[in-house]
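Undergrad: Dropping the structure in here first, questions after.
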Amino acid sequence: MTALFRTPLLRLARASLGVLIIGAASPLVAQDGSLLANAANVAQNLQIESNETTFDDTLGIAKASGSVKIRYGQVVIEAEQAEFHQSTGKVYARDNVRVYKDGSIFTGQEIIYDTNTGEMTATDLRSSLAPLYYESGDLQVPTESTDMIEMGEAYFTTHDAADPNFRIRAKSMQIYPGDKIVMKGVKFYAGDTPIFWFPYLSQPLDDELGYYFVPGFSSPWGAFLLNQYGFMIGDHTLAQAHLDFRSERGIAGGIELKSQRFRNKRNYGRLNLYYANDQDPQSAYSGRTRKQEIDADRYRINFQHRVYLPGPEESTLYLDIDINKLSDQYFYEDFFPAEYRTDPQPDNILNLVKHNPWGTISLMGRFQLNDFFQTDERIELALDAIRTPIKDSGLFYTGYTTAGYLEESLGDERHRVLSDQRDLNQGYLDDLDSGVLTLNKGQLVDADGNVLEEDYDPQYSENILTQIEGLMNPRGYGRFDTYHEVLYPFDIGGVLNLVPKIGGGYSNYSSIDAPGIDSFDRSIFHAGVDTSMKFSKHYNDLYNRALGIDGILHVFQPYVNYSFVSTDEIGSRFTPIDRLTPTTRLRPIDLPMFTATDQISDWQIARVGTFNRFLTKRNGGTHNWLTLNSYFDHYIDDPEFDRNFSNFFNQVTWSPLPWLSARVDSQLPLFGEDMDFTENNSSLYFMPNDWFQFSVGYYFLDDHPFFRDSNLVSFSTYTRLSDQWGFSTVHRFEADDNTLEIQQYQIHKDLASWTASLGAIVRDNRGGEEEFGVLLSLTLKAFPKLTVPLDLEPGGGLD
């Protein structure tokens, strides 16, 4: 039955149910005028619905019972019994209480909610704050003046179950949303069994904070335990301390500092210090023994940062810093193999940049901080103008100007290898002249009749010595280089798009650090045109749910890009620094994109291709169902080799469904040129059902003039054995030399709030010792890593 009351304080809220408090009555008297005014404001916005409601005019108390629902702003309180005290603005709710506040649900037997401050106190309360579920016998929730949730006897878990398989119980707990949990008198439970106790513990909610460890075994490291503890320094710097043990290498450790200002930018705001006293520095990660002596004291110092000037606010003037100092050239390979595979020779650069609407001005310095790496050093001032319209003429301008000094230094290891080759070949020639060595039917023979070289020709040693001399000679020069280009995009009939372009440049080389070469200059002329057409056709009736097709739009775009360059030839005695490097890909034919500045030569090239896109409707938008880009270069004047045509390239991506995708990137020698190598790089991902998925990768390279042949197949699988168990594999096989490079097997167990994995890996290092490893990982789902921080001193230590 619904009770409806009309008093000086109450007005009927709805004809069907409830009452609404709308104003203050004369019987209410308060000495504090602000309290009375606030109470009146609360009363006007608080709505009570219940089966039975009474109001005491004298005391200013509204009582409700039976399916009580109280609304105040965005807060909803549900209970079996409730009272609202107008003088204090507090709601007292009892029996099966639920409070909906700020997207969270609080449940308990008794909750007091203060409508004036937003403070809430409770007994036997349960709630959640993603990813945590917590329970407390005494709780105070955030108010307008604090975000902290404070509890008495409490526990929390990340396992969303009536009987969680792990939990942490504390005598007192403070939760700072988005920051951390601070607990005193802490016990860790596995089920109902206590396993750890700490007098004080601080648990960060950030996945990069706290303690995590990685145990395992591998043949290069032996048994290992990698430990990391993350903590905040103030509110601006994340610190991650490392202490690692490798049974074959010893103890190592360091600290990494990350600026929270550049939290999502890996290349800025980072300082990484790491030191290892290596017990076996002569052993390579592959198992081989190094001939070169390596010091046992090994380290890395990495500093990447961006400093805005004058700062601290972001501005268009800034200094980028990238400093990487290593103890030796093998440090990354031995201790950080993943980084070694992606960046084996880290750079050292300072770059002062000024951004403008039309482009950038920069002053860049690159220097050789690690003498064992071959690198170029330079100080260079550059002005780069982006494509900018020239008023309303329809013309666009782009260009660049650079001026600086460059030099290249051989690394210590490269210098040692070249010196050994020089001494060996010079020794052969000297010993032949002195009669110590003799030639007998093409064999190089010593005085004892031992054959040192088969099919030896002294001219070969002389050629080698000439090449080594050129490589070991110092190289450096000053360079001024400028290039400017004008473009005029337009279309004909809305079908044919053309972008003709014409440009010119000038370069001057001076202070050349090489014998017999004076200063010289060169001029560059470039002209070209980009042409394309676009046709499209709709197939609205084409539908196939199994292949993810909901209508097809086919867009067909043929294109021809033509480029002509004429420049002065640079003599063969000049050793360029910004030079071409071997690649399987086509060179850029847009001159501003051509970075091998010192090896620009005459060319005349037409890049011919077609670009096909098949689009379908997906999730209210447009989805690229299939794309195919096919192209080749026709060399009217080849700048590198005597070719008429390049290989024929195909780039295909197919993504019909979320559980099926494929990619093919290939080139074939269809035109019968001398450089008729073949390359194919493909991948396939397929999940045929809800318990099995696999991916296949294939790389094939044959008859390339610079790179070794490869016929590489990679295959990975994941099989869901049950709701809790899974099994995964990874294999990589090089068919060119029949080497199974990698075998990896892992079994996974879902522990509700945890995921445990136990795996083994075998790696064939071709000639070195076979690498074997075992890895155990235990991951807390709510936190990406196992996180148990040990901040044991309240009010001090690690925050």
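Undergrad: Just to be sure before I move on: is E485 open to solvent by 60 Å² or more (accessible area, probe 1.4 Å) and charged (D, E, K, R) in the structure I sent?
TA: It is false that E485 is open to solvent by 60 Å² or more (accessible area, probe 1.4 Å) and charged (D, E, K, R).
Undergrad: Does region 526-540 contain at least one residue that is within 30 Å of R366 (Cβ to Cβ), surrounded by 13 or more Cβ atoms within 10 Å (Cβ to Cβ) and in contact with a helix residue (DSSP H, G or I) (Cβ under 6 Å, 6 or more places away or on another chain)?
TA: yes
Undergrad: Quick one: which of G548, G571, G528, G516 is of a type outside the set (S, T, N, Q), farther than 24 Å from E377 by Cβ and at pLDDT below 95?
TA: When all the criteria are applied, what remains is G548.
Undergrad: Moving to a separate point now. Please verify whether region 540-561 includes one or more residues that are more than 30 Å from H623 (Cβ to Cβ) and small (G, A, S).
TA: no
Undergrad: Of the numbered conditions (1) open to solvent by 60 Å² or more (accessible area, probe 1.4 Å); (2) at pLDDT 95 or above; (3) within 23 Å of D737 (Cβ to Cβ), F707 fails exactly one; give the number of that condition.
TA: Status for F707: all satisfied but (2).
Undergrad: When you scan region 311-343, how many residues do you find that are in contact with a strand residue (DSSP E or B) (Cβ under 8 Å, 6 or more places away or on another chain) and farther than 22 Å from S219 by Cβ?
TA: Here the count works out to 14.
Undergrad: Cβ-Cβ distance below 6 Å, separation of 6 or more or different chains: which pairs start in region 556-580 with a residue that is in contact (Cβ under 8 Å) with a residue 12 or more places away in the chain and aliphatic (A, V, I, L, M) and end on one that is open to solvent by less than 60 Å² (accessible area, probe 1.4 Å) and assigned to a loop (DSSP other than H, G, I, E, B)?
TA: Listed by first residue and then by second, the contacts come to L580/A596.
Undergrad: May I ask you to list the residues in region 253-272 that are charged (D, E, K, R) and under 14 Å from G230 (Cβ atoms)?
TA: E256, K258, R263, R270
Undergrad: I want to confirm something. Restricting to region 68-90 and keeping residues that are in a loop (DSSP other than H, G, I, E, B) and of a type in the set (S, T, N, Q), which single residue is least open to solvent (accessible area, probe 1.4 Å)?
TA: That would be Q86.
Undergrad: Quick one: would you say R298 is charged (D, E, K, R), open to solvent by less than 30 Å² (accessible area, probe 1.4 Å), touching a strand residue (DSSP E or B) at 6+ places or on another chain (Cβ under 9 Å) and within 30 Å of T398 (Cα to Cα)?
TA: The answer is no for R298.
Undergrad: Here's something else I'd like to know. Just for strands (runs of 3 or more DSSP E) wholly inside region 498-614: which have at least 2 residues that are touching a Ser or Thr at 6+ places or on another chain (Cβ under 7 Å) and among the aliphatic types (A, V, I, L, M)?
TA: 549-567
Undergrad: Among the residues of region 410-450, write down those that are open to solvent by 80 Å² or more (accessible area, probe 1.4 Å), in contact with a helix residue (DSSP H, G or I) (Cβ under 8 Å, 6 or more places away or on another chain) and of a type in the set (A, V, I, L, M, F, W, C).
TA: Matches in region 410-450: L439 only.
Undergrad: Please specify each residue of region 619-630 satisfying the condition of being in contact with a strand residue (DSSP E or B) (Cβ under 7 Å, 6 or more places away or on another chain) and either assigned to a loop (DSSP other than H, G, I, E, B) or open to solvent by 50 Å² or more (accessible area, probe 1.4 Å) (or both).
TA: Result: T622, N624, L628.
Undergrad: Now for a different question. Looking at region 349-362, can you tell me whether even one residue there is closer than 23 Å to G411 by Cα and in contact (Cβ under 8 Å) with a residue 40 or more places away in the chain?
TA: Within region 349-362, not a single residue is closer than 23 Å to G411 by Cα and in contact (Cβ under 8 Å) with a residue 40 or more places away in the chain.
Undergrad: Of the conditions (1) surrounded by fewer than 18 Cβ atoms within 10 Å (Cβ to Cβ); (2) farther than 23 Å from M232 by Cα; (3) modelled with pLDDT of 95 or more; (4) not hydrophobic (A, V, I, L, M, F, W, C), Q292 satisfies every one except a single condition; which number is it?
TA: (3)
Undergrad: Further, regarding this structure: Considering only residues that are closer than 15 Å to S50 by Cβ and small (G, A, S), which ones fall in region 76-101?
TA: A79, A82, A93
Undergrad: Working carefully through the options Y274, Y308, Y268, find the one that is open to solvent by less than 60 Å² (accessible area, probe 1.4 Å), among the hydroxyl-bearing types (S, T, Y), at pLDDT 95 or above and more than 30 Å from D420 (Cβ to Cβ).
TA: That would be Y274, the only listed residue that is open to solvent by less than 60 Å² (accessible area, probe 1.4 Å), among the hydroxyl-bearing types (S, T, Y), at pLDDT 95 or above and more than 30 Å from D420 (Cβ to Cβ).
Undergrad: Within the bounds of region 338-354, is there any residue that is of a type outside the set (K, R), modelled with pLDDT under 95 and over 24 Å from Q368 (Cβ atoms)?
TA: yes
Undergrad: With the requirement that a residue be open to solvent by 40 Å² or more (accessible area, probe 1.4 Å) and touching a helix residue (DSSP H, G or I) at 6+ places or on another chain (Cβ under 8 Å), what does region 233-258 give you?
TA: Hits for region 233-258 are D235, H236.
Undergrad: Here is a follow-up. Given the criteria under 26 Å from T595 (Cβ atoms), within 39 Å of the chain's Cα centre (by Cα) and assigned to a strand (DSSP E or B), does Y483 qualify?
TA: Judged against the criteria, Y483 is a match.
Undergrad: Go through region 488-505 and report how many residues are surrounded by 15 or more Cβ atoms within 10 Å (Cβ to Cβ) and not hydrophobic (A, V, I, L, M, F, W, C).
TA: Going through region 488-505 one residue at a time, the tally reaches 7.
Undergrad: Given the criteria surrounded by 18 or more Cβ atoms within 10 Å (Cβ to Cβ) and either among the acidic types (D, E) or over 30 Å from G250 (Cβ atoms) (or both), does D334 qualify?
TA: Against the criterion (surrounded by 18 or more Cβ atoms within 10 Å (Cβ to Cβ) and either among the acidic types (D, E) or over 30 Å from G250 (Cβ atoms) (or both)), D334 qualifies.
Undergrad: Also: Which of the following residues is basic (K, R) and modelled with pLDDT of 85 or more: R71, R11?
TA: One residue alone meets the criteria, R71.
Undergrad: Which is in contact with a Gly (Cβ under 8 Å, 6 or more places away or on another chain), outside any loop (DSSP other than H, G, I, E, B) and not aliphatic (A, V, I, L, M), of E413, E380?
TA: E380
Undergrad: Which of the strands (runs of 3 or more DSSP E) contained wholly in region 249-321 include at least 2 residues that are in contact with a His (Cβ under 9 Å, 6 or more places away or on another chain) and under 29 Å from V353 (Cβ atoms)?
TA: It comes to 250-259, 270-277.
Undergrad: Return the pairs, sorted by first residue and then second, in which the second residue is assigned to a strand (DSSP E or B) and hydroxyl-bearing (S, T, Y), the first residue lies in region 311-331 and is over 29 Å from N370 (Cβ atoms), the beta carbons are less than 8 Å apart, and the residues are 6+ apart or on different chains.
TA: So the pair list comes out as E314/Y308; S315/Y308; L317/Y308.
Undergrad: Related question: Just name the residue that is modelled with the highest pLDDT out of those in region 190-207 that are touching a strand residue (DSSP E or B) at 6+ places or on another chain (Cβ under 7 Å) and surrounded by fewer than 17 Cβ atoms within 10 Å (Cβ to Cβ).
TA: Result: P199.
The values are calculated or read from the model by the stated rules, or taken from the named source; none is laboratory data. Quick caveat: nothing in here was measured; it's all calculated off a predicted structure. Neighbour counts run over all protein chains shown; Cβ positions are idealised from the backbone, glycine included. Accessible surface is based on the protein model in full, side chains and every heavy atom, while ligands, DNA and RNA are left aside. Shrake-Rupley method; radii C 1.70, N 1.55, O 1.52, S 1.80 Å.
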